[in-house]
1. Please specify each residue of the stretch 162-182 satisfying the condition of being touching a helix residue (DSSP H, G or I) at 6+ places or on another chain (Cβ under 9 Å) and surrounded by fewer than 16 Cβ atoms within 10 Å (Cβ to Cβ).
2. Of Glu122, Glu154, which residue is touching a residue at least 40 places away in the same chain (Cβ under 8 Å) and assigned to a helix (DSSP H, G or I)?
3. Only one of Ala257, Ala239, Ala162 is over 30 Å from Ala102 (Cβ atoms) and small (Gly, Ala, Ser). Can you tell me which?
4. Quick check on Lys211: is it crowded, with 20+ Cβ neighbours inside 10 Å, in contact (Cβ under 8 Å) with a residue 60 or more places away in the chain, closer than 26 Å to Val408 by Cβ and not β-branched (Val, Ile, Thr)?
5. Need pairs with beta-carbon distance below 9 Å; first residue over 30 Å from Ala267 (Cα atoms) and within the stretch 285-314, second basic (Lys, Arg); sequence gap 6+ or separate chains.
6. Inspect the stretch 269-289 for any residue being at pLDDT below 85 and touching a Lys or Arg at 6+ places or on another chain (Cβ under 9 Å) and give the result as yes or no.
7. Taking the stretch 55-75 on its own, how many of its residues are in a loop (DSSP other than H, G, I, E, B) and over 30 Å from Lys272 (Cα atoms)?
8. List the number of the failed condition for Arg293; all other conditions in (1) assigned to a strand (DSSP E or B); (2) closer than 30 Å to Leu245 by Cα hold.
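The values are calculated or read from the model by the stated rules, or taken from the named source; none is laboratory data. Everything numeric in this text was worked out from a predicted model, so none of it was measured. Methodologically, a virtual Cβ is constructed for each residue, glycine included, from the backbone with ideal geometry; neighbour enumeration extends over all protein chains shown.
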Amino acid sequence: MQKRAIVLIPLFCWISSRAAPQVAPNDSISFSQAREFILAQNAGLRSVESEIEAAKEGVKQAGVLLNPSGSIGLERFGANEIEASVGQTIELGGKRRLRTEAAMKELEATRNQRKLSDLELEAEITRRFIPIAIISRKLTLLDSIIKTAEATKEQIRMKVDAGASRKTDFIRAEIGIEQLAIERSEIVREIAQARIRFAALGGDRDSALLKVSGSLNIEAAVPSLDDLRNAIKNNPRFAATEILLALLETQKKQLKAESVPDMNLSAGYIHKKPENVDAPLVGLSMDIPLFNRNTAAQKQLELQRKAINERRENDLRILDADVQDLYSRLMEINKKIAALRTGTIPKAETVFAMLHEYYNAGSASFLDLTTAQSELLRLRMDLLAIESEWAHVSADLMRSTSLPIQIVK
């Protein structure tokens, strides 16, 4: 939501130093319940599960023996000679074992993709909940202001009737309430859309996910920078690279094994009527690896491994720098939050309270009071924006390192 300049009327009964969280309706669900529901129902995760099952079947298929072959030959439709035989190819060089090993690597890669999808979804669940938590607090803040503003407008009206205040103060109070109402309408629209986007993760926009409740855990413990940097290598993103490298190594062994010719065995029977001959047949054949021993293909795989390793090292360096930047930003954000909570906002509250007394005593103008009130509201809105930034940066850190951070409570 874009910031807007808001003209505010004075508040003679200011709200507490921090807006209370929105009270959840009786049929709402907690963030943790919503998270579990989404993880169980998300269509993207279900598709990965289907891919895992497909990879399991691929492992079974890889270990199956080659089918035997059969043939029959007739001379003059069997009048002179009948020949029948069956054949079986015997794979040599460990081809079936390596084929199964490669299929196992594919299964491992698919299972790792599930971990990566879980991590991405966890971060996305948090990201989509952040606007709900922040906008809900904005709505609570504005509702408190509007409620007090209505009472204040009546007090000003009585002062105007008694000749103790100018009518322009009453008109300005009305203008302030009208602008607050417009601001509230926009916030209501934003929170409704935020809830729809959140519920969409569960595949049902009309479910209880539309009524999720919770708040940001700004005091959550954040892992140290050393722990965050050390955890980068355990990210499923880089585990996928390790699995790919292992698969390429298996494929290289397969290429070597394919250069070993398979043995084709056959056995049969021949019957020749004119000579009245019945005899068994035994055959053996093998390919001769004269022109192709997969040398170039093996070299190709080796170069691919080198490229993947180089890309992996580059990605690690970039992600390490990104994590350090995110951590630095998070520490700076914590300082800003502490400064606003313990210093700036309490001082602004004191200024507003003093001007309120001066206004009642007739020594401060209505404009002075509304300016102080506007500044106080702006600071509170700034605090919410900074807390939102804290949550997004924390979610990015969690996604980059796979270390858990309790961003929502």
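1. Kept after step one, since they are touching a helix residue (DSSP H, G or I) at 6+ places or on another chain (Cβ under 9 Å), are these residues of the stretch 162-182: 164-170, 172-174, 176-177, 180-181.
Matches in the stretch 162-182: Ala164, Arg166, Lys167, Thr168, Glu174, Ala181.
2. Numbers: Glu154 fails: touching a residue at least 40 places away in the same chain (Cβ under 8 Å).
Being touching a residue at least 40 places away in the same chain (Cβ under 8 Å) and assigned to a helix (DSSP H, G or I) holds for just one of Glu122, Glu154, which is Glu122.
3. Values: Ala257 fails: over 30 Å from Ala102 (Cβ atoms); Ala239 fails: over 30 Å from Ala102 (Cβ atoms).
After ruling out the rest, the residue left standing is Ala162.
4. Working: crowded, with 20+ Cβ neighbours inside 10 Å: no; in contact (Cβ under 8 Å) with a residue 60 or more places away in the chain: yes; closer than 26 Å to Val408 by Cβ: yes; not β-branched (Val, Ile, Thr): yes.
Against the criterion (crowded, with 20+ Cβ neighbours inside 10 Å, in contact (Cβ under 8 Å) with a residue 60 or more places away in the chain, closer than 26 Å to Val408 by Cβ and not β-branched (Val, Ile, Thr)), Lys211 does not qualify.
5. Every condition considered, the pairs that remain are Asn294/Lys256; Ala297/Lys252; Gln298/Lys252; Gln298/Lys256; Leu301/Lys252; Glu302/Lys252; Arg305/Lys252.
6. Within the stretch 269-289, one or more residues are at pLDDT below 85 and touching a Lys or Arg at 6+ places or on another chain (Cβ under 9 Å).
7. Keep residues of the stretch 55-75 that are in a loop (DSSP other than H, G, I, E, B), which gives 63-68.
Among the residues that remain, those that are also over 30 Å from Lys272 (Cα atoms) are: 63-66.
Going through the stretch 55-75 one residue at a time, the tally reaches 4.
8. (1)
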